[in-house]
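The values are calculated or read from the model by the stated rules, or taken from the named source; none is laboratory data. Given the structure is predicted, the values throughout are model-derived calculations rather than measurements. With ideal geometry, Cβ positions are generated from the backbone for all residues, glycine too; neighbour counts draw on all protein chains shown.
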Amino acid sequence: MIKFAKDFLFGVSLSGPQTEGDKNKKNQSVMDYWFKIQPEDFYDRIGPNYTCDFYNNYKEHLKWLDVIGLEVYRTSIQWTRLIDDIYKCKINDDAKNFYLNYFKEIKKRKIKLVVNLHHFDIPKILLDNGGWENKETIYLFFQFAKICFELFEDIVDEWATFNEPLADVDSKYLYGWHYPKIKNFKRSIQVFYNMMVAHAKVVNYYKDNFKNKHNKITIILNVTPSYPRSNDIDDIKASDFNNMLITYSQLDLVLKGELSKELIVFLKENNLLPEYTKLELNEFKKHKIDYLSLNYYQPFRVMKKESKTIKNQIMPWSFYDHYEWPDRRVNPYRGWEIYPEGIYDIANLIKEKYNNFPWMISENGMGVQDEDRFRKDNIINDDYRIDFINEHLDWLKKAIDEGANCFGYSLWTFIDCWSWTNAYKNRYGLIEYDLDTQKTNIKKSGLYLKELIDSKNK
Ligand code: BGP
């Protein structure tokens, strides 16, 4: 078993929209709305209304935290639950009490509570007016964040502004996987830029107004490091381009307060620059987050462009082709490549390009279908998940031993939860959740994590 230092933290990440269910929720998120109009887009027609029901059962579910001995717990506040009138920013008292009581249950266990403000869940009413394409959304999100700080600052340990803004943008505005299913590079850049302005404004407000508190603020970014097919210069160029677009763009904005010159030139040359103001650009320069939260699931493999480009439509893949590495291992249920070494490369990237800024892995995990077939002696023997965790931790430990500034590792996720369009197809939890009976039980991986945490503290 890999041994980590005493102060290295093990935790879990969850999100409001994937765990709470829709009881007493007054507003619809875009996901809620999409499920209502197109339920056939969701596996088994199960929507976000039907989750592991934290709204009613959080107390029961959280008991498993004690069994595992977890040290960090991240979830999100749903904008559409806390706020009744999105434009007038009217608070829903029931939701306020729900979150307060829920958070208290975590804090009484002396677990570090990280609360995120946006997990793919923009209110539907805002989408009707352009969603994140409309700058008014920046202002409204800022108001929502202020309300959250006022209500929960005393109980929350650390805040996160957004979960995976780039993944949210890609799904909704680039690949068209999620409603509103738009496929437009330029619009996706505007949406991403606006979300990042909102992030910066919220961080600046927090830093200016909560100076005397010890609480921290972060952002959760998805990093999918890009790898070239070969050492051929054109393959390398394609991969460098992709890294510039999807990895450095995010890290540069958040940690350096600006995009690279190279990326700006590319955006200008291709008429992709978003609408921006000087005031907005200044927001990026003011304050920095306290640490980075990075989600790592899979690498991104590319090669030089060999297929035909579609005329008159520039997309990221106009500049490279996807490449399938023949030696790859894939999680067949999710279709994602399993490449634990990626974590090591991320650690070195942060070390070398970003001055070894402090960070943690805030999501990593493996979703598997039909886990019931692995049940032995009434417990799901998810050895594949234990191997997955171990392999990633091995690489992470190597990076830390070589000086990486990573202080924690959180798994996606605590308990089997609702997974966007895959609904309950793939299960990620350390705790299993039976959708029919609502019963829960620890999986072998949950027991394994407990051992890992215990061994560290010896
Ligand atoms: C991350 C999201 C999580 C979670 C996870 C697993 O990108 O932040 O919300 O869903 O991916 O992905 P999926 O549920 O699509 O299998």
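Residues in the range 302-349 that are within 16 Å of the ligand (Cβ to nearest atom) and part of a strand (DSSP E or B): V330, N331, W336, E337, I338.
Can we say R373 is among the charged types (D, E, K, R) and either assigned to a strand (DSSP E or B) or more than 15 Å from the ligand (Cβ to nearest atom) (or both)?
So R373 fits the description; yes.
Is one or more of the residues making up the range 345-356 basic (K, R), at pLDDT 95 or above and either within 19 Å of the chain's Cα centre (by Cα) or buried (at least 21 other Cβ atoms within 10 Å of the Cβ) (or both)? So far as the range 345-356 goes, no, none of its residues is basic (K, R), at pLDDT 95 or above and either within 19 Å of the chain's Cα centre (by Cα) or buried (at least 21 other Cβ atoms within 10 Å of the Cβ) (or both).
When you look at V169, is it crowded, with 20+ Cβ neighbours inside 10 Å and touching a residue at least 60 places away in the same chain (Cβ under 8 Å), yes or no? The answer is no for V169.
The rows are residues; the columns are (1) assigned to a helix (DSSP H, G or I); (2) more than 23 Å from the chain's Cα centre (by Cα); (3) of a type in the set (S, T, Y).
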| position | (1), (2), (3) |
| --- | --- |
| N49 | no, no, no |
| N56 | yes, yes, no |
| Y73 | no, no, yes |
| Y102 | yes, no, yes |
| R109 | no, yes, no |
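Against the test of being more than 16 Å from the ligand (Cβ to nearest atom), farther than 30 Å from F407 by Cα and touching a residue at least 24 places away in the same chain (Cβ under 8 Å), the options Y58, Y87 yield a single qualifying residue, Y87. For the condition part of a helix (DSSP H, G or I), of a type outside the set (A, V, I, L, M), more than 16 Å from the ligand (Cβ to nearest atom) and free of Cβ contacts under 8 Å to residues at least 24 places away in the same chain, K268 qualifies. If I filter the range 243-254 for residues that are surrounded by 16 or more Cβ atoms within 10 Å (Cβ to Cβ) and over 21 Å from the mean Cα position of the chain (by Cα), do I get at least one hit? Taking every residue of the range 243-254 in turn, none turns out to be surrounded by 16 or more Cβ atoms within 10 Å (Cβ to Cβ) and over 21 Å from the mean Cα position of the chain (by Cα).
Scan the range 167-188 residue by residue and report those that are part of a loop (DSSP other than H, G, I, E, B) and within 18 Å of Y33 (Cβ to Cβ). Correct list: G176, W177, H178, Y179, P180, K181, I182.
May I ask you to verify whether D32 is assigned to a helix (DSSP H, G or I), buried (at least 16 other Cβ atoms within 10 Å of the Cβ) and within 16 Å of the ligand (Cβ to nearest atom)? Spelling it out, D32 is indeed assigned to a helix (DSSP H, G or I), buried (at least 16 other Cβ atoms within 10 Å of the Cβ) and within 16 Å of the ligand (Cβ to nearest atom). Residues of the range 42-60 that are touching a helix residue (DSSP H, G or I) at 6+ places or on another chain (Cβ under 6 Å) and either hydrophobic (A, V, I, L, M, F, W, C) or within 19 Å of S171 (Cα to Cα) (or both): F42, Y43, G47, P48, C52, F54.
Filtering L62, L117 for residues that are of a type outside the set (S, T, Y) and surrounded by 22 or more Cβ atoms within 10 Å (Cβ to Cβ) leaves a single hit, L117.
The test for being within 20 Å of the chain's Cα centre (by Cα) and within 22 Å of V72 (Cβ to Cβ) holds for L396. Scanning the range 380-419 for residues that are in contact with a Lys or Arg (Cβ under 6 Å, 6 or more places away or on another chain), within 26 Å of D66 (Cβ to Cβ) and more than 16 Å from the ligand (Cβ to nearest atom) yields a count of 2.
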